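Following: one structure in structure tokens, then a few remarks.
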Amino acid sequence: MANHKSSLKRVRQTETRNERNRYQHKTARNAVRDLRATSSKKDAEKLLPEVSSMLDKLAKRNIIHKNKASNLKSSLKRHVNTLK
């Protein structure tokens, strides 16, 4: 374990950030899953901007890669457009 005060603080900060990132990532994954499971176009169109925003925020914070966010958003938009 680290001995310096600054090192101990960094350990605490890292744990907090990891926990927050893990929570946000899991929440976004669940939102993507729920959107893909939606069969109603009206509901899907309402969820799409929220999910896209989540993915953009994750990419901005480097939790996921920006290309992954773009690919997910693209596939979700295609899914919504195919719904009736």
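Report, by residue number, each residue of segment 20-57 that is among the acidic types (D, E) and more than 16 Å from S70 (Cβ to Cβ).
If we filter segment 20-57 for residues that are among the acidic types (D, E), which is where we start, we get 34, 43, 45, 50, 56.
Listed by number, the residues that qualify are D34, D43, E45, E50.
Regarding segment 44-54, can at least one residue be identified that is surrounded by 13 or more Cβ atoms within 10 Å (Cβ to Cβ), under 23 Å from L83 (Cβ atoms) and in contact with a Lys or Arg (Cβ under 6 Å, 6 or more places away or on another chain)?
Scanning segment 44-54, I find at least one residue that is surrounded by 13 or more Cβ atoms within 10 Å (Cβ to Cβ), under 23 Å from L83 (Cβ atoms) and in contact with a Lys or Arg (Cβ under 6 Å, 6 or more places away or on another chain), so the answer is yes.
Going through segment 18-35 one residue at a time, which ones are touching a residue at least 24 places away in the same chain (Cβ under 8 Å) and surrounded by 14 or more Cβ atoms within 10 Å (Cβ to Cβ)? Full working, then the answer.
Our first condition is that a residue be touching a residue at least 24 places away in the same chain (Cβ under 8 Å); within segment 18-35, this holds for 21, 24-25, 27-28, 32, 35.
Within segment 18-35, N21, Q24, H25, A28, V32, L35 meet the criteria.
Restricting attention to segment 1-43, and to residues there that are in a loop (DSSP other than H, G, I, E, B) and over 19 Å from the mean Cα position of the chain (by Cα), which single residue is modelled with the lowest pLDDT?
Here is the first cut: in segment 1-43, the residues in a loop (DSSP other than H, G, I, E, B) are 1-4, 38-40.
Pick out the ones that are also over 19 Å from the mean Cα position of the chain (by Cα) and you get 1-4, 39-40.
Working: M1: 69, A2: 76, N3: 84, H4: 94, S39: 94, S40: 95.
Among them, the one singled out is M1.
The values are calculated or read from the model by the stated rules, or taken from the named source; none is laboratory data. Bear in mind that the values here come from a model prediction, so they are computed numbers and not experimental data. Here Cβ is always computed from backbone atoms with ideal geometry, including for glycine, and neighbour counts include all displayed protein chains.
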